[in-house]
Structures are given as C-alpha cells and as structure tokens.
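Below is a structure I'd like to ask you about.
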C-alpha cells in the first residue's frame, strides 16, 4: 500500500479543497451542483489519481525551490510560475486559459463588455498613437476627438513611443475621473487640448441595425456579452417598425461569449419549448438541456444568417439552431468549429481560470467542435474534413448536416484575398492616412450608402502615393525567388539562368500598373475609410452595402421566396 507521509500538508490540503473550489457567480452557464462534490468514480482509481497529483505538486515545488536557490541568474517567481501554468494549459485545448491578477481587468472587459475609459479605439503605429474610431455618444466623441488624431499626451504623460498595452493602461481609469488629451490633427498647426471625463463604457453587442433595402433589415451582432439578447430583440422590434419584412442577422467575425445569451437570442426566432442546446461533460451535473423558455418575438419572419470562418462558439449555436430548425438560410463561410463550453473558476490571489468543462450539442444532435482544433488554416477556418470522418445528422425538414467541423452554410460564398498591392497599402496605413487628409479638406460628403469616389479622385490618390514608401512582393515573384535559390543550391542555376531572368523581367510588378489592375478593391477600401471619417462605424458598415457579397446574396435570396423555401425544405 502506498504511503503519503512524506507529502507536505499544503499539498494534501490542495488536493482536498482547491481542486474542487468553484465560483458559481462567474459560471457562464450557471450549473447547479455541489462545489465540493467529487465525480463518482472507482474509489481505488480516485485515490491513486490524487496521490499522483499530490506527488507531482511536491516535485514541482521542490524543483522550483532548487532552481530559485542555485540557478546562476536571478529568477522571477511570477514569470517562471506563469510560464509553467501556460505550458500546462497549452497541452489541453486553446480555450482553457489562466488570468493572473494583473490581467483581470482585460478578463472583465471580455466577459462584460464594460470598462472605464473615454470610448475610443486607438492604434499604435510607428511609435504614434492614432485614434481609429471614437464611439458615438461617449466622452471622446462628445469632446471632439476625431479619427486620425494622434494622441501625444494623456494628462502629463507623454505617450509617444508607448506600445498598445502601455497606452491602454494610461488611457483607462475609474469612471468620473477627469482626463486631458493633447492631440495633433492634420491641417492644424498647433496641438489641440481636449478635456473629458472617463465613464463606464459598455461595448454594444449589436454594433449596427438598420434598413438595407425598403423591406430588408440588418442586425450586426459582434459579441455575446450581457444583454446581447435584449439588444437583438430591441433592434428587431425597431426594424419591424421601420418596415422590415425580412431580416439579415450578421454573425461574421463574432467570437461568441455567454451561452445564456445564445439561448435567449435563438429564442427570439424559434418557438417556446424547443431545445436550443445541450451540454455534456465529465461531471454529471454538466449534462443539461436548455430549451426556449419564452414566446418568440417573431418565429416566421424570413431570415438570412451571415457566417464566416471566425464565427465561433455562441455564434455557432445561434447559426446552428437556425439551420437545424430550418428557420433561416445560412450564407457565407464555414464557421470556426468551437463546440466547447468554458466555466470561470476563481483561484487564489484574485486570479482566475477559464476551463473547458463540457461539449455542446445543437438540436440535430451534432457537436460542431472541429475534429482537430490544433491545425487550422491561416484565416482560422477548420479546412476540409472528409465526410468519412464526420457523422451525418438531419435538420427538422430532413436536410443532411454534419458534425465535427463547424456549421456549413447553405450558400457558400468564397472570399477572394486582396491583391498584394491592396494588402500592402492597408497594412502600411496609407489608405487610412489618405482618408484622414481627405476629411481635413472637405467639410461634408454624400451619405454613407451613396458616397463614391470619382475616377478623378482615385487618380488623385494614385498621385498622392507617388512619394510614399511602400513595396510588396507578389506570390509569383516569391515563387521565382524560391526557384532561383533551389536552382543555385542544386547546381542547376547556370542551365536555366536565362529563363529565370526572362520570367523575372516579365512578371516583375509595376506599382502604377498594379494600382489600375486593383482599382476596384482599393477604391472600395478608400470609400469605406473616408465614410468612416465622417460617419464613424455606422457609416463604414453602410458603405459596404453596395458590394458586400454576403449581404448582396442575402438580399437576393430573401427577395426570391421560391428559392428561399426550396433551400429550407431541401427539395431539388
């Protein structure tokens, strides 16, 4: 029989209490179970398991003591321990995360959408702190802060050269505290001083709701923090009052959030009593079913749901529920594939652990968790998974759907990548900078939905770029460079040198030519950025209506009732 007498008291106490400590208040699902209850398992196996835990904790503690005492350089306990924790959790899944005390404010912002600040997005670029979006109605906007303003001082603190984290720390603070910003503005010789009070900033889950056409309304939902369902419900009510007979629910880029909000949002569109989602975990009490508890606001209105490869978690529950009940047509790209549920546990010293406790299953019975969540495409998508590795399920109307790889839309829209020159202009901030100068020279423009740059204005942009520092390498040029290197390494270069040089001469990019070839996509980005400088985030969204492929397809399907019905019934 194994003896435990050499194990320190702190390790034994850890095993008997801390391993099972729970914080119901921070549990996003609100599961009800005894926090000190040990899952029912074989007593012998349980004893052996906790002996191994206690033994390894003792090894870890004595190892650190030896390193701290004898290692040649000074060791930071916080850095070493955090690295050990992060490495341990990295072996589990990407969503089990540790938050030390100094990161708790970021955690609260993520889970509640609230923080104390001035209400503005600020980006650090080339050592400069540039305002990219003041939030309408908040302190920064009311004080007159504009997109493109460079913040040089916050109170008496010079922020030039500070990184994003340092800037955020200086910018945020307790609500009702005064703060003074000193900014440089294009076209203004002297710095501008703006005084304002920090306030409680609530980041809205619904970042846009409005009419796209005379009878089609759009709700853009970008998060699932507290009150997301109320915001969607209010938006839908308002749009119907404005004449909306059809709705586009835009979940593109939505990373998810609270399960309760996903359930309540689904309930807005599906009848009371229907199952929304079920969860299954190692602990018996996580095996739960969640149903729609309320009467829906509208279970009949025609719907199109937009998804992307970064629509995840709660966003996948809502889109999956709409698909499983044939409630709306899904349009866009395959979703991310995150079918795991996390709960937040309070740890000692004000730190927290967000830990995966269960998998969730949508009404058809499928779990959309990606079969392999460790290997993804560059855009975050799960990539192609063979149907032989996935299980088939059926929607309410008998349409076949699959598990194991996110939610596949009913109408797939491929997103073309920007050309190298467009991507480079965006990355270098040149499109943003030109819009900043454009705004400084013109007091007003047409409304966001109709504004367009003329060909002459586009040529002004081309001329403006003439003395700007930007360059790029096309994929073809990179391939030729790789070929040249391989040929030299393998001693074939002399044999094909003439052909390589000829290819390089023919395919070498010409900026002037590329600016004309990519005119349409560059022009569209320019229009969006210019509109944002006048009409903020709402305007930037409306500026996309005329060429957003998913929105255009949604309007097309919603206006073609026979096609809409055909998709949802699965009839050929």
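The values are calculated or read from the model by the stated rules, or taken from the named source; none is laboratory data. This structure is a prediction, so every number in the text was calculated from the model and none was measured. Heads up, the Cβs are rebuilt from the backbone with ideal geometry, glycines too, and the neighbour counts pull from every protein chain shown.
Have a look at 233, 240 and point out the one that is touching a helix residue (DSSP H, G or I) at 6+ places or on another chain (Cβ under 7 Å), over 20 Å from residue 550 (Cα atoms) and part of a helix (DSSP H, G or I). Can you show your working first?
Working: 240 fails: touching a helix residue (DSSP H, G or I) at 6+ places or on another chain (Cβ under 7 Å).
From the options 233, 240, the qualifying one is 233.
Hey, does the stretch 146-159 have a residue that's at pLDDT 90 or above and under 19 Å from the mean Cα position of the chain (by Cα)? Full working, then the answer.
Of the stretch 146-159, the ones at pLDDT 90 or above are 146-159.
Of the ones still in play, those that are also under 19 Å from the mean Cα position of the chain (by Cα) are none.
Checked against the condition, which is being at pLDDT 90 or above and under 19 Å from the mean Cα position of the chain (by Cα), the stretch 146-159 yields no hits at all.
So which residues in the stretch 434-467 are touching a residue at least 40 places away in the same chain (Cβ under 8 Å) and under 30 Å from residue 127 (Cβ atoms), if there are any at all?
Correct list: 434, 435, 436, 437, 438, 439, 440, 441, 461, 462, 465.
Do we find a residue being exposed (fewer than 14 other Cβ atoms within 10 Å of the Cβ) and free of Cβ contacts under 8 Å to residues at least 24 places away in the same chain anywhere in the stretch 507-515? Step through it out loud before you land on a result.
To start, the set of residues in the stretch 507-515 that are exposed (fewer than 14 other Cβ atoms within 10 Å of the Cβ) comprises 507-508, 510, 512-513.
Next cut, free of Cβ contacts under 8 Å to residues at least 24 places away in the same chain only: 510, 513.
Within the stretch 507-515 (the criterion being exposed (fewer than 14 other Cβ atoms within 10 Å of the Cβ) and free of Cβ contacts under 8 Å to residues at least 24 places away in the same chain), the answer is yes, since at least one residue qualifies.
Now, a different point. Between residues in the stretch 149-169 that are on the phi > 0 side of the Ramachandran plot and assigned by TED's automatic domain parsing to the domain that holds residue 122 and residues that are in a loop (DSSP other than H, G, I, E, B) and loosely packed, with under 14 Cβ neighbours inside 10 Å, which pairs lie under 8 Å by C-beta distance while being six or more apart or on different chains?
Pairs that qualify, where the first residue is on the phi > 0 side of the Ramachandran plot and assigned by TED's automatic domain parsing to the domain that holds residue 122 and the partner is in a loop (DSSP other than H, G, I, E, B) and loosely packed, with under 14 Cβ neighbours inside 10 Å, are 161/127.
Only strands (runs of 3 or more DSSP E) wholly contained in the stretch 266-370 count here; list those with 3 or more residues that are over 26 Å from residue 564 (Cβ atoms).
Answer list for the stretch 266-370: 275-281, 288-291, 340-346, 352-361.
Results for (1) assigned by TED's automatic domain parsing to the domain that holds residue 135; (2) at pLDDT 95 or above; (3) surrounded by fewer than 21 Cβ atoms within 10 Å (Cβ to Cβ), shown as yes or no for each residue.
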{"position": "182", "(1), (2), (3)": "yes, yes, yes"}
{"position": "188", "(1), (2), (3)": "yes, no, yes"}
{"position": "191", "(1), (2), (3)": "yes, yes, yes"}
{"position": "210", "(1), (2), (3)": "no, yes, yes"}
{"position": "215", "(1), (2), (3)": "no, yes, yes"}
{"position": "221", "(1), (2), (3)": "no, yes, no"}
{"position": "227", "(1), (2), (3)": "no, no, yes"}
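Consider the stretch 336-392. How many of its residues are at pLDDT 70 or above, surrounded by 14 or more Cβ atoms within 10 Å (Cβ to Cβ) and on the phi > 0 side of the Ramachandran plot?
2
Out of (1) assigned to a loop (DSSP other than H, G, I, E, B); (2) not assigned by TED's automatic domain parsing to the domain that holds residue 424, the odd one out for residue 448 is which?
(2)
Go through (1) under 15 Å from residue 362 (Cα atoms); (2) in contact with a helix residue (DSSP H, G or I) (Cβ under 6 Å, 6 or more places away or on another chain) for residue 313 and report which single condition fails.
Among (1) under 15 Å from residue 362 (Cα atoms); (2) in contact with a helix residue (DSSP H, G or I) (Cβ under 6 Å, 6 or more places away or on another chain), the lone unmet condition for residue 313 is (2).
Out of curiosity, is residue 542 more than 20 Å from residue 432 (Cα to Cα) and touching a strand residue (DSSP E or B) at 6+ places or on another chain (Cβ under 8 Å)?
On the way: more than 20 Å from residue 432 (Cα to Cα): no; touching a strand residue (DSSP E or B) at 6+ places or on another chain (Cβ under 8 Å): yes.
So residue 542 does not fit the description; no.
Yes or no: the stretch 100-121 includes at least one residue that is modelled with pLDDT of 90 or more and not in a loop (DSSP other than H, G, I, E, B).
Start the filter on the stretch 100-121 by keeping residues that are modelled with pLDDT of 90 or more, which leaves 118-121.
Filter once more, keeping what is not in a loop (DSSP other than H, G, I, E, B): 120-121.
Yes, some residue in the stretch 100-121 is modelled with pLDDT of 90 or more and not in a loop (DSSP other than H, G, I, E, B).
Identify, please: which residue in the stretch 262-278 is surrounded by fewer than 21 Cβ atoms within 10 Å (Cβ to Cβ) and either outside the structural domain of residue 367 (by TED's automatic domain parsing) or under 22 Å from residue 343 (Cβ atoms) (or both) and is, among those, nearest to the chain's Cα centre (by Cα)?
278
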